[in-house]
1. Can you sort B:Val24, A:Val132 so the residue with the fewest Cβ neighbours within 10 Å comes first?
2. Using the Cβ atoms and a cut-off under 12 Å, what net charge is assigned to the surroundings of A:Phe39, where Lys and Arg are +1 and Asp and Glu are -1?
3. How do the peptides A:118-128, A:13-23 rank, highest first, by the average count of neighbouring beta carbon atoms within 10 Å per residue?
4. Under a straight-distance cross-link criterion of Cα-Cα below 25 Å, which lysines are reachable from A:Lys59, leaving out those fewer than 8 residues away in the same chain?
5. Compute log10 of I(q)/I(0) for the stretch A:2-146 with the Debye formula, placing one identical point scatterer on every Cα and leaving out solvent, at q = 0.12, 0.16 Å⁻¹, to two decimals.
6. Counting only helical runs of four or more DSSP H residues, what would the 222 nm mean residue ellipticity of chain B come to if each run contributes -39,500 (n - 2.57) and the total is spread over all its residues?
7. Shape of the stretch B:2-78 from its Cα gyration tensor (a ≥ b ≥ c, root eigenvalues): rounded if a/c is under 1.5, otherwise prolate when a/b > b/c, or oblate?
8. Straight-line reach from A:Lys63: which aspartates and glutamates fall under 15 Å, measuring Cα to Cα and dropping same-chain residues less than 8 apart?
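What follows draws every value from the coordinates through simple rules; no lab data is involved. As the structure is a computational prediction, the values presented were derived from the model and not from experiment. Cβ sites come from the backbone with ideal geometry, for glycine too, and all protein chains shown count toward neighbours.
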Amino acid sequence: MGISIQTEDFDLAAELAALRASSKNVGALVSFVGLVRDFSGDEKIENIYLEHYPGMSEKALEKIIAEANARWQLLGVRAIHRIGTLHPGEQIVLVATAAQHRGDAFSACEFIIDYLKSAAPFWKREQTTQGVEWLNTKDSDMQRMERWDIHQITGQGDMQ
Amino acid sequence: MKINLLYFGRPRERLNTSSEIVDVPDNIATLGDLLDWLRNRGENWAHELADNRVRCALNQEMSKSTARIRAHDEVAIFSPISGG
């Protein structure tokens with residue numbers, strides 16, 4: 001199980017090969033890669049800037065992965081989140097899961113990325129042709145999070 | 001009472017502050033009190049730290065405004081998270 005927060009890009013094939021090699025029982029590998037889009041609505045994205053809360057972001061990811069391990073039978077998890085300035089088409093985030101069976105690998109991968117978006121302290125600032133804007137959590141991300149029945153204070157809802 | 005403050009995202013940029021140590025008066029007991037106290041710094045602070053614009057973590061755990069703060073706590077103030 002590994003967590004990395006880094007400015008450098010990652011090699012998806014190398015990451016999956018390492019995860020696959022972690023156990024001879026791996027029967028299913030699932031990966032999600034988040035990429036920088038080229039348009040935000042009608043506005044062309046020039047770049048995005050990502051920052052995180054050092055210390056808390058690592059702890060939050062560890063907690064999310066521990067919760068995934070409690071819910072599904074997993075053989076390995078790899079999570080990479082990039083920070084700094086990224087351009088359209090670049091990779092932002094990787095979540096990869098290994099399990100004996102695909103059901104566990106699929107569900108855990110989706111759970112981890114949904115949970116990450118609502119509880120891990122990362123912030124995204126978009127630079128478009130219209131200017132600069134810090135993004136708010138999307139309603140659609142909150143709805144995806146709610147499906148997993150997680151009872152905790154997240155970084156997106158109202159703090160009242 | 002001394003509190004270690006950290007800022008991330010929009011308020012960090014707009015208030016041009018990433019960290020500071022503040023010495024708050026004794027009547028500041030909760031995160032909500034702390035935010036109110038910081039809003040008194042001026043119009044820009046009141047605007048950027050409005051309830052609907054910020055979230056907080058207390059000692060690296062997401063927290064509500066009713067959470068009690070103690071001396072030397074680490075309080076982070078940030079815009080809604082948007083990673084992934």
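1. Numbers: B:Val24 17, A:Val132 12.
If I rank by nearby Cβ atoms, fewest first, I get A:Val132, B:Val24.
2. -3
3. On the way: A:118-128: 22.3, A:13-23: 14.2.
Sorting A:118-128, A:13-23 by mean packing, highest first, produces A:118-128, A:13-23.
4. A:Lys117, A:Lys124, A:Lys138, B:Lys2, B:Lys64
5. For the stretch A:2-146 at q = 0.12, 0.16 Å⁻¹, log10 I(q)/I(0) is -0.51, -0.87.
6. On the way: 3 runs with 20 residues, N = 84.
About -6000 deg cm²/dmol.
7. Numbers: a/c = 1.41, a/b = 1.29, b/c = 1.09.
Rounded shape, in that the Cα axes give a/c under 1.5.
8. A:Asp114, B:Glu61
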